[in-house]
Amino acid sequence: MARLTVADLEARAPAEAQVSDQPKIKVGMSTCGMAAGAEPVFVALEAELRRRSVEWRVARTGCAGMCSMEPLVEVTLPGQPAVMFGDVTPEFARHLAAACAAGKPLPVEKRVPGIADLARIAGEPVATEGGPRQYRIVMRNCGVIDPEEIDEYLDRGGYKALARVLSTMTPEQVIEELKVSGLRGRGGAGFPAWLKWSLTRESAGEEHLIVCNGDEGDPGAYMDRSVLEGDPHAVLEGMIIGGYVIGAKSGFFYIRAEYPLAIQRIEKALRQARASGLLGNNILGTDFSFNVEIRLGAGAFVCGEETALIASVEGKRGTPSPRPPYPSVKGLWGQPTMINNVESLANLTQIVLRGGEWFSGIGMGKSTGTKVFAVTGKVKHAGLVEIPMGMTLREVVEGICGGSASGSPIKAVQTGGPSGGLIPARELDTPITYEHLQKLGSYMGSGGMIVMDETDDLVELSRFYLGFCVDESCGKCAPCRIGGTQMLRLLDRIAAGKGNEGDIATIRRLAHAMQKASLCGLGQGAPNPVLSALRYFEPEFRGRLTSSGN
Amino acid sequence: MIQATINSLPVEVAPGATILDAARQVSVHIPTLCKHPDLEATAACGICIVRVAGSTKMLRACCTPVEADMEITTEDPEIIQVRRTVVEMILSRHPNECLTCGRNQNCELQTIAADFGLREICLDSIVPDLPIDNSTRAITLDPRKCISCGRCIQVCQQIQDVWALSFLQRGIDTRIAAAGDISLADSPCVRCGQCSAHCPTGAIVEYDETQEVWDKLLDPDAFCVAQLAPAVRVAIGEAFGFPVGTNLTGKTYAALRRMGFKAVFDTNFGADLTVMEEAHEFVGRFTNAKSVLPLITTCCPSWVDFMEKFHDDMIPHFSSCKSPQAMVGALAKTYYAEKMGLDPAKVYVVSVMPCTAKKFEIIRSKEMHSSGFWDVDVSLTTRELARMIKQSGINFRVLAEEQPDHLLGAYTGAGTIFGATGGVMEAALRTSYYLMTGENPARLEFLKTRGLDGVKEGKFDIAGKEIRFAVAHGLGNVETVLTKVREARDAGTEPPYHFIEVMACPGGCVGGGGQPYGVTDNLRAKRAAGLYQDDQAGLWRCAHENPYIQKLYEDFLGEPLGEKSEQLLHTSYHPRPTYRR
């Protein structure tokens, strides 16, 4: 592939302008699709078309978000709107391919809502008011393009943001745009992105470095994986822009080894970007040079914490270190290092292209833009949703995800993963913003959302989350290492009906000490699920105590 | 300077100072279990938390830098409750074996537990069942007692550059062990014992051999003799309430005799002898253009072990002299036994050393068997001797001072300063000067060899010839010196130094891994000062002036580097690559 220039990208026409006379067939081939059996569906489609001597390409695409309906196949006949089929079996795939090849009408069964029915997409027109509830900025290409084809990314305006930044913007202007946008870190804590970028840029060091944190590890959360798998170039482009802004020459993708498909797609994206002059020396013919390497995490949850991540990338035992110094001042190998979450970086291109003001117009208050959630648990439609901040929990759980799957009423929603908390059903009208969730004793977190109905046992759930943190504690600091284990023993005792009144008080005392004296967010946050369960559902715990007559 | 307040007290600190530093400055006590003055804060224990106005979090005093106008509160009921709970957590994971622990009454965890006045642990005891590692027979590692503060690992990796110890596993299963979960003896461990010197609890202590010594002292057939290393005399007093650095040579001799030793020697005599042999070796090499230079000292067994493991290309540079301990041992079973008409088989040599590695040195090669027996039978640390004195019921504080058995006990100032970093170099240069000029140097103090800088370099003029020397202590400081030597060697240029002294422990033997607990640079400096005073006050200050050394050569050895000396006082070195067993 030829090396691209700024002019090439500016001249590139959008995909909509390209007319095709062939049907487009896409199969969702992210991890969620593959796990549901997308591979045999893909093979069946190709085989059937070949058998009928039709040479249409069957495309692979990323996760469209409707994970509970996978395998998904989208067919677009020339001149017609796309039709999405869910729960596709190889048998149905053959049937579908046969219909396409014969020019017959598409089957009516297995049809499910398409992406356009569910979400408006950043920069694309919306048909009607009161249309779909999702708003896709981060996921705008997920389920739409073939993530392994850089051309498809370019056709959707890919790398135009980079071209604009490199040809017309100073680093300060990019930071200013970020400041106007109000983008906050999507890894969980919500630190203002512009401030992190600016602090790193201003720190003195021999070399500035940028890291994309792809060490997503909350149970039930897979937003970052899907973005890396479904739109790897968008994350990479955000990272290259970040490199330019902070003055870095190199960057690292830190991705957990349990995400083989994401790693493979990022590897491919890096190769394509290098071949196209988008990475390496003199990017897009400018003076800017930047390289990216991949580092694999061995799957320790704590390595998502910035200082532990740094230790891991350096090849050391992945344990957190005290902050300050913050990574923006002294990070990888002692150099100023900017660590951004996958989702934060994926927002970048659109903020650059459409402006910070456009971005800050989405959302509520200090929580601007959108947030991707992985909604799982007792809902009808589990999957990924990207919603504008400020939407209520009820709209997500009942509106987008169809409410309770079992018919048993929703009891609570868990957000923020193992450091987050339970939100009882009576608070479902709370808008999803950093501030509102914190007020309820939970937090935004990276985007896990687990929905529970009345049949769920919250003592068990507390044990599950605390057990996760106990397993994932690095063991460095005493409050987390020992406090977590001791709390879990008390919970085990209560769950087994052998607890007493004093155990609940001891749990609270240990939890308080862990929150205050643990070194990193893992230990500080580990008691949250238990504390929030006690806050809203204490009678369930009391009902298990020996003194209650059990 | 940065101004702040601690509990409303104004404080002014230099940029970079932590809240803990600032608190110490205004005599505010903040408890901590993991922070050691020698080491960077690991922030592991979580006990030193304080509150800073404007933050909802509690911050660790050990690693939080003071910022301008910070209003710091170090104690309030909530902080105290959190600290107490954390201490309670730590105790729930620690065996309650204080009464039989090597750190009983001298344990940082015990002190904190006492300070917090805990009367009950409301949590289950979750002490893991882990085996003790005694494989080095120099240090005892009991991972059950470990509170995972990480000091030992930091000292092993950062200060000593040995990388033997590491954390294994994670979460509640986190434990210290030799990296790769092999035995310490199979690891790169050089037995310096700095881990034990920095451990806040009894998780790492010296390998205790006091019982073996008591058994021999009870044995009517055994003729037990003791020798006392330079650095022991200025540290043992700490176990008996003397000010740090007090020279207690005479009392220690007396105590050893009360315990039943039939003769008491001084390793300082061995040090004088080492100087004689090593200075001859140095002058020989220095004046012969074809010789390998620099010459590197070998009194320190951890350094020898470290070199054989990691820097075996330096073997040709190594002095063949045994350490003072080994020399006294070899002579006790030959020269002394002969003079006194004793059966050398019955002579039992116990040395008292500031060092855990000396326990290994006495069996490191067959050359330690030069008398026909193991030259030294047991090597005790200062801490073990202090315990034995206490067990004996001896009132050490009021004990009258005694003299050593002079044949192997009289010493000069050159011998006594062996216990401090730079001391071997200084002592050897004094005698080298004499050997090359026939007179003592006008000024005997070599200030450039003294002090606690990690690497000290200097030049010394002898008869118009410039001798370039370097002194390194703390094994992590060796690399810079050796790199310069290698660069010159590879480039075929003049070596950067003629003479190098290395001691493994920071501060040299005064900061040895077998010395009383609680070492800091302040203590190291005071102990060293005690030795330099001993040097200053001595009748003789150069090894060659020691009349008993002269007598030894006349009556027994012949001459330095002579046949008998080579047989008894010299050794050889061999590569010992690690991780190949």
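The values are calculated or read from the model by the stated rules, or taken from the named source; none is laboratory data. Not measured: the values here are computed from a predicted model. Note that we place each Cβ from the backbone using ideal geometry, even for glycine, and neighbour counts take in every protein chain shown.
Kindly establish whether residue B:11 is outside the structural domain of residue B:196 (by TED's automatic domain parsing), farther than 20 Å from residue A:516 by Cβ and crowded, with 18+ Cβ neighbours inside 10 Å. Answer is yes for this residue. Taking the listed residues A:236, A:261, A:309, the one that is surrounded by fewer than 22 Cβ atoms within 10 Å (Cβ to Cβ) and either modelled with pLDDT of 95 or more or part of a helix (DSSP H, G or I) (or both) is A:261, with no other qualifying. Inclusion of residue A:157 among residues that are assigned to a loop (DSSP other than H, G, I, E, B) and more than 14 Å from the chain's Cα centre (by Cα) is warranted.
Residue check: residue A:531 meets all listed conditions (1) more than 15 Å from residue A:442 (Cα to Cα); (2) at pLDDT 95 or above but one, namely (1).
Taking region A:376-456 as the region of interest, the strands (runs of 3 or more DSSP E) fully inside it that hold 1 or more residues being closer than 28 Å to residue A:470 by Cβ and not basic (Lys, Arg) are A:410-415, A:421-424, A:448-453. Entry remark, region A:327-367: residues being within 14 Å of chain B (Cβ to nearest Cβ) and crowded, with 17+ Cβ neighbours inside 10 Å number 2 in total. The residue pairs whose first member lies in region A:424-445 and is over 19 Å from residue A:540 (Cα atoms), whose second member is aliphatic (A, V, I, L, M) and part of a helix (DSSP H, G or I), and whose beta carbons are closer than 6 Å, counting only pairs six or more residues apart or on different chains, are A:428/A:393; A:430/A:393; A:443/A:437; A:444/A:437. Take the conditions of a type outside the set (A, V, I, L, M, F, W, C), in contact with a Phe, Trp or Tyr (Cβ under 6 Å, 6 or more places away or on another chain) and surrounded by fewer than 24 Cβ atoms within 10 Å (Cβ to Cβ) and apply them to residue B:290. Does it pass? Against the criterion (of a type outside the set (A, V, I, L, M, F, W, C), in contact with a Phe, Trp or Tyr (Cβ under 6 Å, 6 or more places away or on another chain) and surrounded by fewer than 24 Cβ atoms within 10 Å (Cβ to Cβ)), residue B:290 does not qualify.
Among residues of region A:403-416 that are within 19 Å of residue A:527 (Cβ to Cβ), those with a Cβ under 7 angstrom from a residue that is of a type in the set (S, T, N, Q), sequence gap 6+ or separate chain, pair up as A:415/A:442; A:416/A:442. Meeting the requirement of 2 or more residues that are modelled with pLDDT under 95 and within 12 Å of chain A (Cβ to nearest Cβ), no strands (runs of 3 or more DSSP E) wholly within region B:8-101 can be named. Has region A:468-476 got at least one residue that is at positive phi, modelled with pLDDT of 95 or more and either within 13 Å of chain B (Cβ to nearest Cβ) or in a helix (DSSP H, G or I) (or both)? There is at least one residue in region A:468-476 that is at positive phi, modelled with pLDDT of 95 or more and either within 13 Å of chain B (Cβ to nearest Cβ) or in a helix (DSSP H, G or I) (or both).
In this structure, does residue A:218 turn out to be among the charged types (D, E, K, R) and modelled with pLDDT under 95? The answer is yes for residue A:218. Does residue B:493 qualify as being under 23 Å from residue B:354 (Cβ atoms) and surrounded by fewer than 17 Cβ atoms within 10 Å (Cβ to Cβ)? Criteria not met by residue B:493. Scanning region A:61-115 for residues that are out of contact with any strand residue (DSSP E or B) (no Cβ under 7 Å at 6 or more places or on another chain), closer than 24 Å to residue A:379 by Cα and part of a helix (DSSP H, G or I) returns a single hit, A:115.
On inspection, residue B:201 qualifies as β-branched (Val, Ile, Thr), outside the structural domain of residue B:401 (by TED's automatic domain parsing) and either in contact with an Asp or Glu (Cβ under 9 Å, 6 or more places away or on another chain) or at pLDDT below 95 (or both). Taking the conditions exactly as written (under 29 Å from residue B:190 (Cβ atoms), surrounded by fewer than 23 Cβ atoms within 10 Å (Cβ to Cβ), among the β-branched types (Val, Ile, Thr) and touching a residue at least 12 places away in the same chain (Cβ under 8 Å)), does residue B:485 satisfy them or not? Spelling it out, residue B:485 is indeed under 29 Å from residue B:190 (Cβ atoms), surrounded by fewer than 23 Cβ atoms within 10 Å (Cβ to Cβ), among the β-branched types (Val, Ile, Thr) and touching a residue at least 12 places away in the same chain (Cβ under 8 Å). Within region B:57-112, restricting attention to residues that are without any contact (Cβ under 8 Å) to a residue 40 or more places away in the chain and among the hydrophobic types (A, V, I, L, M, F, W, C), which residue is farthest from residue B:124 (Cα to Cα)? So the residue we want is B:58. Test residue B:105 against the stated conditions and say whether it is in a helix (DSSP H, G or I) and either surrounded by fewer than 21 Cβ atoms within 10 Å (Cβ to Cβ) or more than 10 Å from chain A (Cβ to nearest Cβ) (or both). Against the criterion (in a helix (DSSP H, G or I) and either surrounded by fewer than 21 Cβ atoms within 10 Å (Cβ to Cβ) or more than 10 Å from chain A (Cβ to nearest Cβ) (or both)), residue B:105 does not qualify.
Tell me, which residue of region B:124-133 that is of a type outside the set (Val, Ile, Thr) and surrounded by fewer than 21 Cβ atoms within 10 Å (Cβ to Cβ) is farthest from the other protein chains (Cβ to nearest Cβ)? So the residue we want is B:131. Scanning region B:134-144 for residues that are buried (at least 24 other Cβ atoms within 10 Å of the Cβ) and either outside the structural domain of residue B:192 (by TED's automatic domain parsing) or more than 16 Å from the chain's Cα centre (by Cα) (or both) yields B:136, B:141. So is residue A:484 modelled with pLDDT of 95 or more and either away from chain B (no Cβ under 11 Å) or surrounded by 24 or more Cβ atoms within 10 Å (Cβ to Cβ) (or both) or not? Yes. Taking residues in region B:156-172 that are over 19 Å from residue B:36 (Cα atoms), and partners anywhere that are surrounded by 17 or more Cβ atoms within 10 Å (Cβ to Cβ) and among the charged types (D, E, K, R), the pairs with Cβ atoms closer than 6 Å and at least 6 places apart or on different chains are B:168/B:175; B:172/A:481.
Name the residue, out of A:508, A:489, that is without any contact (Cβ under 8 Å) to a residue 40 or more places away in the chain, basic (Lys, Arg), within 10 Å of chain B (Cβ to nearest Cβ) and in a helix (DSSP H, G or I). Of A:508, A:489, the one residue that is without any contact (Cβ under 8 Å) to a residue 40 or more places away in the chain, basic (Lys, Arg), within 10 Å of chain B (Cβ to nearest Cβ) and in a helix (DSSP H, G or I) is A:489. Pairs are defined by a Cβ separation below 6 Å, a sequence spacing of at least 6 or placement on different chains, a first member in region A:34-45 that is within 12 Å of residue A:70 (Cα to Cα), and a second member that is assigned to a helix (DSSP H, G or I) and modelled with pLDDT of 95 or more; the pairs so defined are A:41/A:90; A:41/A:93.
Scanning region A:515-538 for residues that are in a helix (DSSP H, G or I), facing chain B (nearest Cβ under 9 Å) and surrounded by 21 or more Cβ atoms within 10 Å (Cβ to Cβ) gives A:516, A:517, A:523. Considering only region B:157-185, state which residues are facing chain A (nearest Cβ under 9 Å) and within 20 Å of the chain's Cα centre (by Cα). The answer is none; no residue qualifies. Residues that are part of a loop (DSSP other than H, G, I, E, B) and surrounded by 21 or more Cβ atoms within 10 Å (Cβ to Cβ) are absent from region B:111-122 altogether. For residue B:514, the stated conditions do not hold, so it cannot be described as out of contact with any Phe, Trp or Tyr (no Cβ under 7 Å at 6 or more places or on another chain), outside any loop (DSSP other than H, G, I, E, B) and at negative phi. Scanning region B:405-420 for residues that are in contact with a Gly (Cβ under 9 Å, 6 or more places away or on another chain) and either modelled with pLDDT under 95 or under 16 Å from residue B:252 (Cβ atoms) (or both) turns up B:408, B:411, B:415, B:416, B:419.
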